[in-house]
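Any read-out appearing in this document is the output of simple, stated calculations on the displayed coordinates, not a laboratory observation. Please read these numbers as outputs of a predicted model, since none were measured by experiment. In this analysis, Cβ positions are derived from the backbone assuming ideal geometry, glycine residues included, and neighbour counts consider all displayed protein chains.
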Amino acid sequence: MARRARRYKFLDGKLDWRGAIGPLQCDRQLTLAKSLSQIADYLPLIQTYWHEKIVRVKLDEKQPDRLIFTLTQTGIFSSKEYYNFWRKNGRRQHWSVRVWLNYIPPKTSGFMWKILHHAIPVDLRIVTRGIPIMSRCVCCNNPHQEDIRHLFFKSEVAQSVWRHFGLIFRIPWAFESVKHALRIWTPKPKTHSTYVMVRTSVVCHIIREIWIARCKVVYDGGVMTATDICQCVLHKVKYLGIVHRPHQMSTKSQLLQLAALGIYGPQPMVRRGVWHKWEPHAVGTYKLNTDGSAKEEMCTGGGIIRNSEGGIIARFSAFFGKGTNNYAEIFAVAVGLRLCHSLGIGAVVVETDSLLTVNAIKKLGVAWDLEYVYWICMQQIRPYHKITQVFRQENTVADRLANWAYTHKSYQEVFSRNNMPQEVKAAYISDKLGIANFRK
Ligand SMILES: [Zn+2]
């Protein structure tokens, strides 16, 4: 199993091909370091899938080859990540996202888990276990045999509780099973608004409170009443919106439904957006904006070099092939800086919207799968380069240039403003005029 999550990283290249990736089955002694000098001879023997990856390999003789655990950024094995990898790839029950939520008390979630596994000692369950008892439910005036379906959904008390809340939330209240109830009551369990929190937890609380009331009657005597259960449920959900701050807004009609329950939770803070625009740098200096983009496993990059008046010095739009967004972001900086060097531009301010790239270049660490492209980038970096992160809204021209590469699928660099694609031109002109873009 662990093979799926491991990979080799070539550093001194002493590992033989077979042990590492296995495209060269013929020669078990041949190391990557040996073959890399005459790679053109070997490429025809290797599956095309590997070509691109092999060409990117940069050897470093000082460090031995490394075994990488692909599920962590550092490449070091972590049992936690490995456990999560298998857990997430396993089968997922629809009810788990509706029951295991941070705003539902663990006791209630645990009870729901038990009932979903039929592990509640209702009379019928005890009978099926071989203990002969006379079953007589405590939830109806005309007693029935007590099983989960009857007690929680079909009994007189249960029906009036479901009807009470069903009318408030305007949803059907006749259910056949716990799973059925969960599906109907919690259509979008991941939304984090007061309304969804209340509606999702109500269904769990109703089921647990019915059970608590039933046990109370069985052991202490008295009668089960729907009013008591409704009040207990209401008490449990009343302060949900205050204890667990919602992240999303509830709509007007949802707020009315909550008001009918006597719940007046706060709405989340509405974040005010800010206007951002591209700013030219000090007179006599240049600014390079780069951006990477990834779509359907392919990635591209774009960038533009402008002078202090916002005039174009050069632009590029490049198709990088297979790769991730982060790969493209770093590679775009490298390509942009190479262009600067070839134009003889020294002090340049680099702007990218990727914080990861900025952190990598500031030597704050980089993930194992980006190390090769990071090296390529670091070869272009000089001490006088300044790199900063900007918002996407300040980086629109580079963004459009990166997107344009999906159309032409090649590397293009241009040194004038002529023949600019329409969408790039629009962004370029609005930057030059100092028009800001809104960021929510
Ligand atoms: Zn009953």
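Counting GluC sites (Glu not before Pro) as exposed when in a DSSP loop with at most 11 other beta carbons within 10 Å, what is the longest stretch of the chain free of them? Excluding the exposed sites themselves, the longest stretch runs over 310-440.
Our estimate of slack between K58 and E156, defined as 0.36 nm per intervening residue step minus the Cα-Cα distance, is 27.9 nm.
Amide H to amide H, with H built 1.01 Å from N, R417 comes under 5 Å of no residue 5 or more places away or on another chain. Karplus-derived 3J(HN,Hα) values for the stretch 406-414, using 6.51 cos²θ - 1.76 cosθ + 1.60 with θ = phi - 60°, are 5, 7, 8, 6, 8, 9, 10, 10, 9 Hz; glycine and proline are entered as x. For a 26 Å ceiling on Cα separation, which of these pairs sit above it: K107/K179; K154/K216; K409/K432? From K107/K179; K154/K216; K409/K432, over 26 Å: K409/K432. Here the 3J(HN,Hα) profile of the stretch 30-38, calculated from phi with Karplus coefficients 6.51, -1.76 and 1.60 at θ = phi - 60°, is 5, 9, 5, 4, 5, 7, 5, 5, 10 Hz, Gly and Pro shown as x. Across the alpha-carbon set of the chain, the Rg to Rh ratio works out to 1.15, Rh being the Kirkwood radius. For the stretch 277-339, dividing the convex hull volume of the Cα atoms by the residue count gives 80 Å³ per residue.
Residue by residue, the stretch 159-166 carries 3J(HN,Hα) couplings of 4, 6, 5, 4, 5, 4, 6, x Hz when phi is fed to the Karplus relation 6.51 cos²θ - 1.76 cosθ + 1.60 (θ = phi - 60°); x denotes Gly or Pro. Once the Cβ-Cβ distance between T48 and W375 is put in as r, and R0 is 22 Å, what FRET efficiency do you end up with, to the nearest 0.05? So, using R0 = 22 Å, E works out to roughly 0.35. Counting only DSSP beta bridges with both residues in the chain, what percent are antiparallel, rounded to the nearest 5? Here the share of antiparallel DSSP bridges comes out near 75 percent. Here the dipole of the chain is about 860 debye; that uses its Cα centre as origin and unit charges on the Cβ of Lys and Arg (positive) and Asp and Glu (negative). Taken as Cα centroids, the stretch 125-181 and the stretch 360-415 sit 62 Å apart, rounded to the nearest whole angstrom. What is the count of Lys pairs in the stretch 256-405 whose alpha carbons sit under 24 Å apart, if the two are 8 or more places apart or on different chains? Qualifying lysine pairs in the stretch 256-405: 8.
Counting other Cβ atoms within 10 Å of each Cβ, which chymotrypsin sites (Phe, Trp or Tyr not before Pro) in the stretch 33-81 have at most 16 and sit in a DSSP loop? Walk me through the numbers before you get to the answer.
Details: sites: Y42, Y49, W50, F69, F77; in loops: F77.
Passing both the DSSP loop test and the Cβ count: F77.
Among the trypsin sites (Lys or Arg not before Pro) within the stretch 194-291, those in coil by DSSP and having at most 13 neighbouring Cβ atoms inside 10 Å are R271, R272. For the stretch 360-421, chymotrypsin sites (Phe, Trp or Tyr not before Pro) are listed when DSSP marks them as loop and at most 15 other Cβ atoms sit within 10 Å of their Cβ; the list is Y384, F391, F415.
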